[in-house]
Amino acid sequence: MPEYDLIVVGAGPGGYVAAIRAAQLGLRTVVVERDRPGGVCGNWGCIPSKAILTDAALFAELKAGAARGIVADNIRADFGRVIQRSREVADRQAKGVEFLFKKNNVSYVEGTGRLTRGGSSSRKTASPSVSPHATPSWRPAAPSAPSRASRSTARW
């Protein structure tokens, strides 16, 4: 069973950036995510929504083109294709995060994670394709937080 210095629960914008940076600093890192890398923002919220908004802005500008001397009759929107493109954008972003995980030696486990008493983490596999032997284990290290006296001068 692999052991890790850090388990990051969630591969959203905060989680994947933290995991990559931790790995760059030398920690053996694993990310546990129930969906795809990128979290809700990258897969369902921010990124695909911005793709749809960009298409809507283009459509509105083309419709208003006559005021600028550009006439295009029968402009219409294919909403199915707009949604399909937003999914393609989200897929590209998720694949980019997966690439960064590999490049920075961050392990990735599809499933859910939770903290349990005693400083350990466990996960429940969301996909039968994930090997039960990939279950991460974590042992807390000695605390390394700065003392109260040094906090006032510490730069975080």
(request) Check the straight Cα-Cα distances from Lys50 and name the aspartates and glutamates below 16 Å, setting aside those fewer than 8 residues away within the same chain. (result) Glu88, Asp91
(message) Apply the Karplus curve 6.51 cos²θ - 1.76 cosθ + 1.60, θ = phi - 60°, to the phi angles in segment 85-101 and return the couplings in whole Hz, x for Gly and Pro.
(response) 5, 5, 5, 5, 4, 5, 4, 4, 5, 4, 5, x, 5, 4, 4, 5, 4
(request) Would you mind checking which residues have amide H under 5 Å from Tyr108's amide H? H placed 1.01 Å from N; only 5 or more apart, or other chain. (result) Val31
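So what is the relative contact order of segment 1-98, in percent, for Cα pairs below 8 Å that sit 6 or more residues apart?
27
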(request) Kindly write out, for segment 15-21 in residue order, the coupling ³J(HN,Hα) from the Karplus curve 6.51 cos²θ - 1.76 cosθ + 1.60 (θ = phi - 60°), rounded to whole Hz, with x marking Gly and Pro. (result) x, 5, 5, 4, 5, 5, 5
(message) For segment 29-102, place one equal point scatterer on every Cα, skip the solvent, and apply the Debye formula. What is log10 of I(q)/I(0) at q = 0.25 Å⁻¹?
(response) -1.07
(request) Compute, for Ser49, the solvent-accessible surface of its heavy atoms (probe 1.4 Å) with the complete set of protein chains present, and express it in square angstrom to the nearest 10. (result) 50
(request) Note down the magnitude of the dipole of segment 1-130 about its Cα centre, charges +1 on Lys and Arg C-beta and -1 on Asp and Glu C-beta and zero elsewhere, to the nearest 20 debye. (result) 160
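What is the sum of charges around Ile20, taking Lys and Arg as +1, Asp and Glu as -1, for the other residues whose C-beta is under 11 Å from the C-beta of Ile20? Could you put the intermediate results ahead of the total?
On the way: positive: Arg21, Lys102, Lys103; negative: none.
Neighbour charge sum, excluding Ile20 itself: +3.
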(request) Can you send over the carbon and sulfur percentage of the accessible area for segment 1-95, probe radius 1.4 Å, protein chains only? (result) 59
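The values are calculated or read from the model by the stated rules, or taken from the named source; none is laboratory data. Please read all numbers here as calculations on a predicted model, not as lab measurements. Backbone-built Cβ (ideal geometry, glycine too); neighbour counts: all protein chains shown. Side chains are part of the model used for accessible areas, which takes the heavy atoms of the whole protein and leaves out ligands, DNA and RNA. Shrake-Rupley method; radii C 1.70, N 1.55, O 1.52, S 1.80 Å.
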